[in-house]
Ligand code: 13P
């Protein structure tokens, strides 16, 4: 089966000042391989988007994205940022991260409206899905992944599905120091691929499935080798330029 170009994305979460963010982006740029086989993506906090964009000097090796957006285009929603406000600043927007689903009670329906607003703004959504430890122990992983992926993707046009990336992040592996088991990741990718193909009417091979959850430079070579996985969504290790670039380098092997 043809595999899409991998994507290595760094989710900085709620970390770094504007100055620190620009410095990290510059450091990452200086350590990147000349022509990495993966597309590299940085997801800084909203406050750093402009400065990181400037530090990247429009380098075609690195794309920029936001970690979240509101579903409405504009209006009286104090403190929120819409997808259309992000257009011109970045190319990708992450929706449905488990920290948003759990800390801010974002349902599948809310995640879907956000994903649609990202598409409407001509940006590329990254749809994060993943089961909790409780769901895993109850044998519900396949059901949860199928439900979350269907809620995000079914009913979109073919072109819209093809603009999406799906990130499998088992909630219990995030920040735990221990990534999921290769067999389980492969099985999750297989389940997600079925939904992607259903949504794309059998022509969704270009839609990437990323793995996220305690990815490090050491674990990346094997994680990126799992069948069906085309990249990584990296949290903690993306805040350290050497570690993040080590993960990017792992996708070259
Ligand atoms: P860690 O890499 O710190 O486990 O975080 C993963 C994640 O949540 C990326 O979105």
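Could you state, as a whole-number percent, how many of the C-alpha pairs of the stretch 179-241 are farther apart than 15 Å?
On the way: 983 of 1953 pairs.
Of all Cα-Cα pairs in the stretch 179-241, 50 percent lie more than 15 Å apart.
Volume of the convex hull of the stretch 120-253 (Cα atoms only), normalised per residue: 111 Å³.
With semi-axes defined as the square roots of five times the eigenvalues of the C-alpha gyration tensor, the equivalent ellipsoid of the stretch 116-197 measures 25, 13, 11 Å, largest first. Short to long, the 5 Å bins of the Cα pair-distance histogram for the stretch 156-213 hold 4, 20, 27, 19, 14, 10, 5, 1 percent of all pairs. Counting 0.36 nm for each residue step from residue 178 to residue 150 and taking away their Cα separation leaves a gain of 7.3 nm. Percent of Cα pairs in the chain per distance bin of 10 Å, from zero to the largest separation: 8, 34, 39, 18, 1. Sorting 59, 243 from the fewest to the most surrounding beta carbons within 10 angstrom yields 59, 243. From the P(r) of the stretch 7-141, can you give the percent of Cα pairs sitting at distances over 27 Å? Tail of P(r) above 27 Å: 24 percent of Cα pairs. Mean projected area of the convex hull spanned by the Cα atoms of the stretch 35-102, taken over all viewing directions: 5.4 nm².
Per-residue ellipticity at 222 nm from helix content only, as computed over the chain with -39500 (n - 2.57) for each DSSP H run of at least four residues, stands at -11000 deg cm²/dmol. Going by neighbour counts of Cβ atoms within 10 Å, the residues 46, 104, 244 line up, fewest first, as 104, 46, 244.
Here the spin labels are modelled as points 7 Å beyond Cα on the Cα-Cβ line, and at residue 35 and residue 133 they lie 4.6 nm apart.
Evaluated at q = 0.20, 0.24 Å⁻¹, the base-10 log of the normalised Debye intensity for the stretch 1-84, with identical point scatterers placed on the Cα atoms, takes the values -0.93, -1.16. Set the Förster distance to 22 Å, then compute FRET efficiency between residue 102 and residue 15 from the Cβ-Cβ distance, nearest 0.05. Efficiency computed from Cβ-Cβ geometry: 0.75.
Bear in mind these aren't lab numbers, they're just calculated from the coordinates by the rules spelled out. Values in this document were obtained by computation on a predicted structure and should not be read as measured data. Methodologically, a virtual Cβ is constructed for each residue, glycine included, from the backbone with ideal geometry; neighbour enumeration extends over all protein chains shown.
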